[in-house]
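First the structure, in the form of structure tokens, and then the observations on it.
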Amino acid sequence: MTLLAVAGLTKRFGGIVANRDISFEVRPGELVGVIGPNGAGKSTLFDLITGVTRPDDGRVTLDGRDITALRPDQISRLGVARTFQKLRPFHQMTALENVMIGALQSTADVGAARRAAEEALASVGLAERAHAHARALSTGQRKRLELARALATRPRLLLLDEVTGGVDQGAIPGLIRLVRDLHARGPALVVIEHNMQVIMELAQRIVALQLGEVIADGQPAEILRHPRVIDAYLGESWRPA
Amino acid sequence: MAAAGPLRPFLARAVPLLLLGAVAAFPLVFTKPFPRHLMIMIFLYGALATAWNILAGYCGQISLGHAVFFGIGAYTSTLLIREAALSPWLGMLAGAAIAVVGSQLIGYPVFRLRGHYFAIATIAVGEIIQALVINWDWAGGARGLFVPIKRPDSFVNFQFHESKAVYYFIALGLLLLALGVTRWIEGSRRGYFFRAIREDQEAAASLGVHVAREKHWAIAVSAALTALGGTFYAQYVFFIDPESVFPLSLSILICLVAVLGGVGTLWGPLVGAAVLVPLSEGTRVWLGGGGKALDLLIYGALIVLIAVFQPGGLVGLAGRFRRT
């Protein structure tokens with residue numbers, strides 16, 4: 001059983017190959033980590049899966065259906081939600097209204113969307129900030145807001161781009177717990193993450209990228225021992241003695 | 001403020017009703033043409049700016065070509081009188097329908113552009129349409145069209161020479177329609193989608209908002225309401241030409257009215273019209289023909305002041321006082 005299948009994805013920007021022949025699969029309910037140094041093509045991969053950019057080659061299928069040529073909003077309605085590495089809240093709208101946009105995907109009833117949004121905000125611990133404008137929230141709160149917004153679309157697959165990036169150390173355990181909670185609600189998660197401790201705690205499987213290519217795909221413990229991952233990303237100190 | 005507690009819901013209901021009563025009684029009290037004309041212009045520009053606000057204020061697509069839809073409304077009803085002796089009321093609906101079709105055709109190319117580029121493209125579209133009409137002899141060309149005068153006054157003919165009071169209530173009706181449509185959109189799913197697109201269209205799309213479709217809806221509603229105003233203008237002035245109903249200056253004025261009052265708010269465009277129209281009509285009356293440039297000077301100064309000190313518009317001022 002496969003929820004998401006990425007097959008032979010290639011994306012060039014001019015002379016730069018951002019993604020080269022990337023293939024991997026995500027099963028329903030799985031939690032997959034994506035790691036790799038800056039410029040490895042992680043965010044480009046998310047953009048290709050969600051239809052923000054079109055690949056030069058390769059296919060993305062969801063439940064066996066080819067979604068490669070679909071628009072971002074169509075892919076979202078098929079149950080794929082995402083967060084952005086560079087946060088993109090609707091600044092002039094309240095936190096509640098931000099989340100309602102996601103909830104309104106599945107209902108035209110504004111009242112019902114408001115209740116669903118309140119629930120989603122509560123589930124990320126932002127209930128008391130519901131009526132604050134998004135621009136007034138801290139970075140950590142905005143991260144939670146993006147999670148709530150994505151969650152409100154009731155995704156089957158949730159792509160998280162650096163949930164712990166740019167937040168202070170103290171906030172990280174809370175965010176990890178939150179990602180676990182979200183996962184427990186059923187959707188499959190693909191998580192881009194730089195913090196190795198975080199990814200080792202969360203991921204059931206890890207896909208490692210380097211210079212746009214998949215260099216390893218396996219259990220977290222295997223990935224830690226993988227010579228190419230150590231060379232490209234982890235560094236000598238991670239090499240088992 | 002304790003006393004204001006129970007008073008506030010009462011006031012919130014009473015004040016609009018009182019205002020509406022005052023507006024309804026106005027033409028009974030003021031029987032001279034000028035004050036009525038002034039109010040008619042406030043209603044008309046209020047309606048046009050409110051219509052513009054749906055596309056630009058809520059959906060964030062700053063159009064500087066709305067005179068196109070105004071002109072389509074004016075020309076459609078006037079040409080239908082000439083060609084088919086059709087009542088301007090039906091011509092008004094036809095004008096709105098053609099404006100909707102036109103808006104969709106314009107939307108396909110220009111909605112691909114963002115921000116300033118979108119605004120510039122709408123200016124270009126407006127200029128092209130005006131140039132086309134100037135060279136379209138069948139539609140009167142640069143000489144324009146007269147609405148044939150018919151007496152006595154009749155509702156079917158949309159002509160009222162005896163008194164401006166009927167125009168007053170028709171213009172008020174257009175304004176209330178524009179405000180009502182805005183209010184309805186504001187509270188609906190579509191209104192939320194519009195605002196999300198204004199804030200960040202990629203993020204909106206990632207949440208399932210069909211960005212192109214919503215923009216096309218916004219411009220369709222906005223264009224239809226603007227075209228109604230165009231027909232009203234033709235039946236009020238009885239003469240239209242490309243210079244009076246298709247000019248860039250009209251597109252800009254509609255934008256200025258809304259910006260002054262407050263974009264993206266229900267009442268902002270009307271507040272802007274209530275301030276700018278008396279200024280413009282007043283300078284014209286009190287200073288004669290030489291006043292034409294002066295009102296623009298004052299507009300310019302006002303816009304600079306608003307942009308620097310109160311980007312939310314005059315409506316934003318009320319919020320500022322409420323908070324303190």
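The set of residues in the range A:107-136 that are within 14 Å of chain B (Cβ to nearest Cβ) and within 21 Å of the chain's Cα centre (by Cα) comprises A:A117, A:A120, A:A134. From the list B:A49, B:A12, the lone residue that is in a helix (DSSP H, G or I), touching a Pro at 6+ places or on another chain (Cβ under 8 Å) and either among the aromatic types (F, W, Y) or within 25 Å of B:G312 (Cβ to Cβ) (or both) is B:A49.
One line per residue, one yes/no per condition, for (1) within 12 Å of the chain's Cα centre (by Cα); (2) within 23 Å of B:Y167 (Cβ to Cβ); (3) hydroxyl-bearing (S, T, Y):
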position: B:T226; (1), (2), (3): yes, yes, yes
position: B:I252; (1), (2), (3): yes, no, no
position: B:L256; (1), (2), (3): yes, no, no
position: B:L270; (1), (2), (3): yes, yes, no
position: B:R284; (1), (2), (3): no, yes, no
position: B:L297; (1), (2), (3): no, no, no
position: B:F309; (1), (2), (3): no, no, no
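With the condition kept exactly as written, say whether any residue in the range B:166-188 is part of a helix (DSSP H, G or I), within 14 Å of another protein chain (Cβ to nearest Cβ) and surrounded by 16 or more Cβ atoms within 10 Å (Cβ to Cβ). Yes, the range B:166-188 contains at least one residue that is part of a helix (DSSP H, G or I), within 14 Å of another protein chain (Cβ to nearest Cβ) and surrounded by 16 or more Cβ atoms within 10 Å (Cβ to Cβ).
Just checking, does the range B:208-215 include any residue being open to solvent by 10 Å² or more (accessible area, probe 1.4 Å), more than 14 Å from chain A (Cβ to nearest Cβ) and under 26 Å from B:L179 (Cβ atoms)? For the range B:208-215, residues open to solvent by 10 Å² or more (accessible area, probe 1.4 Å), more than 14 Å from chain A (Cβ to nearest Cβ) and under 26 Å from B:L179 (Cβ atoms): absent.
Among the residues of the range B:143-154, those that are over 11 Å from B:F246 (Cβ atoms) and either acidic (D, E) or touching a residue at least 60 places away in the same chain (Cβ under 8 Å) (or both) comprise B:R143, B:L145, B:F146, B:V147, B:P148, B:I149, B:D153.
Conditions tested, residue by residue: (1) within 14 Å of chain B (Cβ to nearest Cβ); (2) surrounded by 15 or more Cβ atoms within 10 Å (Cβ to Cβ); (3) under 21 Å from B:S206 (Cα atoms).
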site: A:V17; (1), (2), (3): no, yes, no
site: A:V34; (1), (2), (3): no, yes, yes
site: A:L48; (1), (2), (3): yes, yes, yes
site: A:P55; (1), (2), (3): no, yes, yes
site: A:L62; (1), (2), (3): no, yes, yes
site: A:D66; (1), (2), (3): no, no, yes
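Looking at A:V167, A:V198, A:V214, A:V191, just one residue is outside any helix (DSSP H, G or I) and either free of Cβ contacts under 8 Å to residues at least 40 places away in the same chain or more than 24 Å from A:V6 (Cβ to Cβ) (or both), and that residue is A:V167. For the range A:137-156, filtered to residues that are away from chain B (no Cβ under 13 Å) and of a type outside the set (G, A, S), the residue that is surrounded by the fewest Cβ atoms within 10 Å (Cβ to Cβ) is A:T139.
The residues of the range B:196-207 that are facing another protein chain (nearest Cβ under 7 Å) and crowded, with 23+ Cβ neighbours inside 10 Å, listed by number, are B:A196, B:A203, B:A204, B:A205, B:S206, B:L207.
The values are calculated or read from the model by the stated rules, or taken from the named source; none is laboratory data. Computed from a predicted structure; not experimentally measured. Because the Cβ atoms are built from the backbone with ideal geometry, glycine has one as well, and the counts that use them run over all protein chains shown. Heavy atoms of the whole protein, side chains included, go into the accessibility calculation; ligands, DNA and RNA do not. Shrake-Rupley method; radii C 1.70, N 1.55, O 1.52, S 1.80 Å.
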